[in-house]
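Below is one structure, written out as structure tokens, with a few remarks after it.
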Amino acid sequence: MAREILSLVLATHNAGKAREIADLLGPYISTFYTAGELGLPEPEETESTFAGNARLKALAAAKASGKPALADDSGLSVTALGGDPGIYSARWAQKPDGTRDFSYAMNKVEEALGTAEDRSAAFVCALCLAWPDGHVEIFEGRAEGHLEFPPRGTHGFGYDPIFVPQGQTITFAQMEPDQKHAMSHRADAFRQLVAATFEDEAV
């Protein structure tokens with residue numbers, strides 16, 4: 001039986017990610033908070049997998065807030081780069097001055113690929129739903145596709161401007177949110193979460 005969730009803490013300081021998660025869970029949750037709004041610290045991501053880092057972040061937010069919390073750890077896995085940037089996708093965006101800039105990260109990916117012909121890649125998303133008592137549930141989703149340069153589109157966030165999902169001709173960043181939500185790695189994971197947690201109930 002699914003645990004009742006009236007309000008949910010989104011364990012992220014990324015406004016774009018928080019907005020996308022709230023859009024996906026809007027029919028099931030009436031009140032959202034973000035870790036940023038509540039002044040919760042960002043725990044250091046010390047795990048070696050997406051699922052491990054999502055669990056770490058969700059549990060930290062749930063225990064600090066006393067409310068159920070949801071964390072996602074997601075990233076871009078590029079075949080020709082041996083799966084990089086992977087769990088370090090956000091760190092690839094870290095500039096020498098300490099600021100985070102995904103244009104910088106996308107340039108790094110392009111430079112690392114060089115003349116490699118294989119441009120296949122996948123976005124991976126691990127979701128962890130955690131409660132203050134330590135109970136957790138984890139769901140993982142993927143979106144297969146390939147990379148194209150230069151970046152295109154102004155929607156989305158992160159590496160969206162260089163990722164063309166399988167069967168499409170435009171990047172995630174060129175898609176309207178509803179179109180992206182229908183096929184993204186995050187949407188795949190959320191479909192699993194909704195089926196397991198919220199059943200057919202909506203607010």
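The values are calculated or read from the model by the stated rules, or taken from the named source; none is laboratory data. What you see is a predicted model, and the numbers here were worked out from it, not measured in a lab. Positions of Cβ are backbone-derived with ideal geometry, glycine not excepted, and every protein chain shown enters the neighbour counts.
Tell me the residue from A2, A80 that is over 18 Å from the mean Cα position of the chain (by Cα) and modelled with pLDDT of 95 or more, please.
Unique residue meeting the criteria: A80.
Is there a residue being over 16 Å from L127 (Cα atoms), out of contact with any helix residue (DSSP H, G or I) (no Cβ under 8 Å at 6 or more places or on another chain), assigned to a helix (DSSP H, G or I) and not polar (S, T, N, Q) anywhere in segment 35-54? No, there is no match, as no residue in segment 35-54 is over 16 Å from L127 (Cα atoms), out of contact with any helix residue (DSSP H, G or I) (no Cβ under 8 Å at 6 or more places or on another chain), assigned to a helix (DSSP H, G or I) and not polar (S, T, N, Q).
Could you run through segment 144-193 and say how many residues are in contact with a helix residue (DSSP H, G or I) (Cβ under 6 Å, 6 or more places away or on another chain) and either farther than 24 Å from A116 by Cβ or at pLDDT below 90 (or both)? Of the residues in segment 144-193, 7 are in contact with a helix residue (DSSP H, G or I) (Cβ under 6 Å, 6 or more places away or on another chain) and either farther than 24 Å from A116 by Cβ or at pLDDT below 90 (or both). Residues of segment 151-176 being under 13 Å from E20 (Cβ atoms) and surrounded by fewer than 15 Cβ atoms within 10 Å (Cβ to Cβ), which ones? Result: E176, single match.
A quick yes/no check of all residues on (1) polar (S, T, N, Q); (2) loosely packed, with under 14 Cβ neighbours inside 10 Å:
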| site | (1), (2) |
| --- | --- |
| S7 | yes, yes |
| E47 | no, no |
| G52 | no, no |
| S65 | yes, no |
| R91 | no, yes |
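For A69, the criteria (1) farther than 21 Å from D188 by Cα; (2) modelled with pLDDT of 85 or more; (3) among the hydrophobic types (A, V, I, L, M, F, W, C) hold in every case but one, which is (1). Condition (residue is aliphatic (A, V, I, L, M), modelled with pLDDT of 95 or more and touching a Ser or Thr at 6+ places or on another chain (Cβ under 7 Å)) applied to segment 99-112: is it met by at least one residue? No, segment 99-112 contains no residue that is aliphatic (A, V, I, L, M), modelled with pLDDT of 95 or more and touching a Ser or Thr at 6+ places or on another chain (Cβ under 7 Å). Counting the residues of segment 118-150 that are closer than 17 Å to A54 by Cα, in contact with a His (Cβ under 9 Å, 6 or more places away or on another chain) and not in a strand (DSSP E or B) gives 0. Scanning segment 151-195 for residues being in a loop (DSSP other than H, G, I, E, B) and without any contact (Cβ under 8 Å) to a residue 12 or more places away in the chain gives a total of 3.
For every residue, the table says whether it meets (1) among the acidic types (D, E); (2) within 18 Å of the chain's Cα centre (by Cα).
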{"residue": "V109", "(1), (2)": "no, no"}
{"residue": "V124", "(1), (2)": "no, yes"}
{"residue": "D133", "(1), (2)": "yes, no"}
{"residue": "G167", "(1), (2)": "no, no"}
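Within this structure, E111 fails the test of being surrounded by 15 or more Cβ atoms within 10 Å (Cβ to Cβ) and of a type in the set (D, E). When residues in segment 101-147 are screened for being at positive phi and touching a residue at least 40 places away in the same chain (Cβ under 8 Å), 1 of them pass.
Restricting segment 9-34 to residues that are assigned to a loop (DSSP other than H, G, I, E, B) and under 16 Å from the mean Cα position of the chain (by Cα), the residue that is surrounded by the fewest Cβ atoms within 10 Å (Cβ to Cβ) is H13. Please name all residue pairs, on different chains or six or more residues apart, with Cβ atoms under 6 Å, provided the first residue is in segment 7-29 and is under 17 Å from L59 (Cβ atoms) and the second residue is among the polar types (S, T, N, Q). Filtered contacts from segment 7-29: V9/S65; L10/T34.
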